[in-house]
Amino acid sequence: MALNQDYVGRVFGPGAPYEVSRVKIAEFADAIGEPSELCRDREAARQAGYPDVIAPPTFAIVISTRSTGGLRAEPDLGLDYSMVVHGEQSFTYSRPLHAGDVVTATTTVESIRTLGAMSMLVTSTEITTVAGEHVCTAKSTLVERGR
């Protein structure tokens with residue numbers, strides 16, 4: 001079954017605020033093998049010109065995944081998440097995420113394409129501070145394999 005084209009252009013969010021913490025940044029950095037002291041040492045980050053430790057660039061996936069969760073739960077979309085593989089991911093930053101940021105995320109369905117027995121779902125998630133400052137745009141392509 002193809003994905004429901006009526007979802008193209010739909011917006012989900014903004015979701016509940018997410019507070020970026022030093023602990024979560026360090027845990028994420030450890031999980032991906034990021035060695036930078038800027039992710040763990042507040043003084044090193046300050047000396048480099050940041051207000052606090054900074055998150056690795058891919059940390060935004062934590063926030064964007066929370067935002068796209070509502071989309072994945074939409075029964076009328078027709079997405080069988082057990083058949084999904086992650087096709088592509090990109091992040092465009094205005095500035096790094098850092099400890100102390102409180103952000104929200106809003107996801108837009110950019111496109112849905114059917115290629116043979118597969119469907120491709122492209123989303124764009126805008127991550128902004130609660131004050132409205134753009135921090136990052138996360139773009140994701142999910143591929144639902146044919147049944």
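The values are calculated or read from the model by the stated rules, or taken from the named source; none is laboratory data. All values derive from a computational prediction rather than experimental measurement. Every residue, glycine among them, receives a Cβ derived from its backbone with ideal geometry; neighbour counts consider all protein chains shown.
Here are the numbers for the structure shown:
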| quantity | calculated |
| --- | --- |
| Every residue from region 12-26 that is surrounded by 12 or more Cβ atoms within 10 Å (Cβ to Cβ) and over 16 Å from Val135 (Cβ atoms) | Phe12, Arg22, Ala26 |
| Single condition Val143 does not satisfy, out of (1) assigned to a strand (DSSP E or B); (2) crowded, with 18+ Cβ neighbours inside 10 Å | (2) |
| Selected residue (criterion: farthest from the chain's Cα centre (by Cα)) from residues of region 27-48 that are part of a loop (DSSP other than H, G, I, E, B) and buried (at least 16 other Cβ atoms within 10 Å of the Cβ) | Arg40 |
| Matching option when the condition is outside any strand (DSSP E or B), at pLDDT 95 or above and either more than 18 Å from Ile25 (Cα to Cα) or among the hydroxyl-bearing types (Ser, Thr, Tyr) (or both), among Thr128, Thr58 | Thr58 |
| Residues that are over 18 Å from the mean Cα position of the chain (by Cα) and either closer than 30 Å to Ala45 by Cα or assigned to a loop (DSSP other than H, G, I, E, B) (or both), drawn from region 76-98 | Gly78, Leu79, Asp80 |
| Qualifying residue in region 71-91 (condition: surrounded by 15 or more Cβ atoms within 10 Å (Cβ to Cβ), touching an Asp or Glu at 6+ places or on another chain (Cβ under 9 Å), modelled with pLDDT of 95 or more and more than 17 Å from Gly9 (Cα to Cα)) | no |
| Checklist (1) under 22 Å from Gly9 (Cβ atoms); (2) crowded, with 19+ Cβ neighbours inside 10 Å applied to Phe59, failing item | (1) |
| Filter result for Leu71 (in contact (Cβ under 8 Å) with a residue 60 or more places away in the chain, not in a loop (DSSP other than H, G, I, E, B) and not small (Gly, Ala, Ser)) | yes |
| Members of region 99-125 that are outside any loop (DSSP other than H, G, I, E, B), of a type in the set (A, V, I, L, M) and more than 12 Å from the chain's Cα centre (by Cα) | Val102, Val109, Ile112, Leu115, Met118, Met120, Leu121, Val122 |
| Test for Thr68: is it among the β-branched types (Val, Ile, Thr) and more than 15 Å from Thr129 (Cα to Cα) | yes |
| Output for region 13-24, where each listed residue is closer than 19 Å to Thr125 by Cβ and either in contact with a Pro (Cβ under 7 Å, 6 or more places away or on another chain) or in contact (Cβ under 8 Å) with a residue 40 or more places away in the chain (or both) | Gly13, Pro14, Gly15, Ala16, Pro17, Tyr18, Glu19, Val20 |
| Residue in region 95-125 that is modelled with the lowest pLDDT, counting only those that are of a type outside the set (Val, Ile, Thr), surrounded by 18 or more Cβ atoms within 10 Å (Cβ to Cβ) and over 29 Å from Ala26 (Cα atoms) | Ser119 |
